[in-house]
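Read through the structure below, which is laid out as structure tokens, and then see the notes.
Just so you know, all these numbers are worked out from the coordinates, no wet-lab data involved. Predicted, not measured: the structure shown is a model, and the values here were computed from it. So basically every Cβ, Gly included, is an ideal-geometry build from the backbone, and we count neighbours across all protein chains shown.
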Ligand code: ADP
Ligand code: ZN
Ligand code: ZN
């Protein structure tokens, strides 16, 4: 007789190793019960090295690569049932594979902290009672001698099948319950909270829709997986469409998951949801305590909360009965996590909607080229909201030619004059610095010449520390020239240089006007953002100055002038997404202004006022601009027409990082030799070559087919993990990178 192999439990633990760890069943769990109890998705405590850690069961098996005698038993089973619904559990596994993230890390960095620590989820639900099988079959006359018991049975029959204990105790004493329990006529249950009643869903009636909103609404199916791109300029009524689509699924008792880029910037959004619906809603934001976060997570999981609003990581929230996913500002970069588990919440949201079999609505005034292309290929349905007639007029664009003006601290004379005039008119100004994430091109302040690669037609990037210009497409390099080769001028600058002092300069020019700064650092302080909003809403003349954050969400009704100090760093960025980002930013920033009664003006400072793409954007709008860019991407075989991954390495010594990536390239080429189907570029210095004392390099891999890229990376990652040279660097794999 063949003895069956013992059951092996494969567990994910929080560790950077891309593998599962095998354990045996603990003594106190019966062999026959083991598979039933040790379900995938349950947490366990396991010995790991010299520690005990919390892990999560991924699967069970009847074999192990390791000798059984070397395996240790699980110390403790924490959960009686899986922590995550199976659809979400599957999405985790998919995401870990797709993004080449160790599954344990992926799981444990996204779970609420208290669950990572092994705490039990708070008991949701209320104690209650239901009739047992015997109770159901009971003839009531048999209880004629016990009137109260009979009355209780009748009450449960009437209002059941389950009845909360607290309701029972309003009329009956606990001893009556006990008596029926002893007769085995009723049995205890935990009544899971359910979403609010389908009546009285709305606090306020919804608005009658405009025709284009109505067309979009009619197109959005409430059942089954479908992806929609809701494409409409700021103020065209997207949010109203979200609200009414949510209303539909709430009526079926389902939940809506709503993702937005940044909650602190858009308190109005949250308020609009809360004002509209009379249902429990939770908001997942960074200000929650661990306890609050876990509570919110549980309310989503049990179905107690009907609407779950959150940022990027909310995509990992379990849902009892999902009905719809909304993802606003889908083009926003903040949906991509840039460190650790480098997932794209937008892409995962589509995967999740598919796994849950529910619709997803992606919305934006400036959709990403990926999503627009998905519409073109028929994968998404494109719903366009045309602007309301007579309202939301396009702003009035002004090109400021930096070559022909006096510029001080990054601000041209004509821009300064316009700011002065606006403030004098008691209106507000928004000054936009385009700083983050762009590598500077070298340009001539006198004639607008830019340094281009001699080998390919892209712009070279300034690497001041090395005194070199580098092409981030082919690795061509040259020394930074002293003189402009075109006009022999000596004012060669890196795009964007010179705006560092703009804020101080503006304050100096307008000493009696409030100058408020809005950026990552200044808004981290509690209440700082509120102060900005309050000032803006008060309507008093002021100057708001800041970065990308100003382009998001908030409607500044009293801003009538927007000044973009530096369009060039985006236009000349060597990043293939540079143009797309610039178009989105300019459109979004422009959309912040003139939402009141006065038509807004937008001043764009550039050395190339007749850049064809800028002209296209101004004349024809973002849609045409994007179509043109998509054609260019297709022509140059760049994403979304080709699939990309970047392997990064950083080290204190530049050589270590570069050498490691050289090795990585070799290993990769051994797996899949270079061909038109799989190409390699690098190692190259990262755009921002040195950060926090470490040198950063990248190796780029591009593939014709996504599965081929996935196959390569899945073979490569474990090799790197085990390589001795990997210890000298910090390395990571970034699939579908948003930046290099
Ligand atoms: P978006 O989300 O595209 O920026 P909103 O949904 O916020 O647009 O709509 C902009 C403004 O127009 C809001 O003040 C909103 O209340 C109003 N609005 C939207 N749809 C309607 C409608 N059907 N009827 C009346 N007002 C509407
Ligand atoms: Zn080049
Ligand atoms: Zn020149």
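Roughly how tilted is helix 706-721, in degrees to the nearest 10 and between 0 and 90, from the longest Cα axis of the chain? Approximately 80 degrees, to the nearest 10. With the cut-off at 1.5 for a/c, could you classify the stretch 13-164 from its C-alpha gyration tensor as rounded, prolate or oblate? The shape class here is prolate. Taking each DSSP H run with n ≥ 4 as -39500 (n - 2.57) and averaging over every residue of the chain yields -9500 deg cm²/dmol at 222 nm. At full extension, residue 155 and residue 167 could sit 3.3 nm farther apart than now, given 0.36 nm per residue minus the alpha carbon distance.
Judged by the mean number of other Cβ atoms found within 10 Å, the most tightly packed of the peptides 103-110, 153-160 leads the ranking 103-110, 153-160. Note: relative contact order over the stretch 440-495, using C-alpha pairs below 8 Å and six or more positions apart, is 38 percent.
Which angle between 0 and 90 degrees, to the nearest 10, do you get for helix 622-635 versus the longest principal axis of the chain when only C-alpha atoms count? It is inclined by approximately 90 degrees. Taking the centroid of alpha carbons for each part, the stretch 694-740 and the stretch 163-187 are 62 Å apart. At q = 0.11 Å⁻¹ the log10 of I(q)/I(0) for the stretch 211-385 amounts to -0.41, computed by Debye summation with a single uniform scatterer per C-alpha, solvent ignored. Using a cutoff of 8 angstrom between alpha carbon atoms and counting only pairs six or more residues apart, the relative contact order for the chain works out to 11 percent. Going by neighbour counts of Cβ atoms within 10 Å, the residues 721, 650 line up, fewest first, as 721, 650.
Our summary of shape: the Cα atoms of the stretch 126-191 have principal axis extents of 30, 22, 21 Å, ordered from largest down, in whole angstrom.
Relative contact order of the stretch 126-191: 60 percent, from C-alpha pairs under 8 Å at least 6 residues apart in sequence.
Quick check on the stretch 440-495: take the gyration tensor over C-alpha atoms, sort the square-rooted eigenvalues as a ≥ b ≥ c, and tell me if it's rounded (a/c under 1.5), prolate or oblate. Taking the square roots of the gyration eigenvalues as a ≥ b ≥ c, the stretch 440-495 is prolate. Sorting 606, 461, 535 by the number of Cβ atoms found within 10 Å of their own Cβ, with the fewest placed first, yields 535, 606, 461. As a proxy for reagent exposure, ranking 447, 456 by other Cβ atoms within 10 Å from fewest up yields 456, 447.
Report the paramagnetic label zone for residue 677: residues of the stretch 615-653 whose backbone N is under 15 Å from a point 7 Å from Cα along the Cα-to-Cβ axis. Taking a point 7 Å out along Cα→Cβ of residue 677, the residues of the stretch 615-653 whose backbone N falls under 15 Å are 643. With both labels modelled 7 Å from their Cα along Cα-to-Cβ, the residue 66 to residue 704 distance reads 4.2 nm. Rounded to the nearest 10 degrees, the angle from helix 267-276 to the longest Cα principal axis of the chain is 40 degrees. Does the stretch 628-740 come out rounded, prolate or oblate by the C-alpha gyration tensor, with a ≥ b ≥ c the root eigenvalues, rounded set by a/c under 1.5 and, if not, prolate when a/b is larger than b/c and oblate if not? Because a/c hits 1.5 or more and a/b fails to exceed b/c, the stretch 628-740 counts as oblate. Values of log10 I(q)/I(0) for the chain across q = 0.07, 0.10, 0.11 Å⁻¹ run -0.60, -1.12, -1.30, by the Debye formula with one identical scatterer at each alpha carbon and no solvent.
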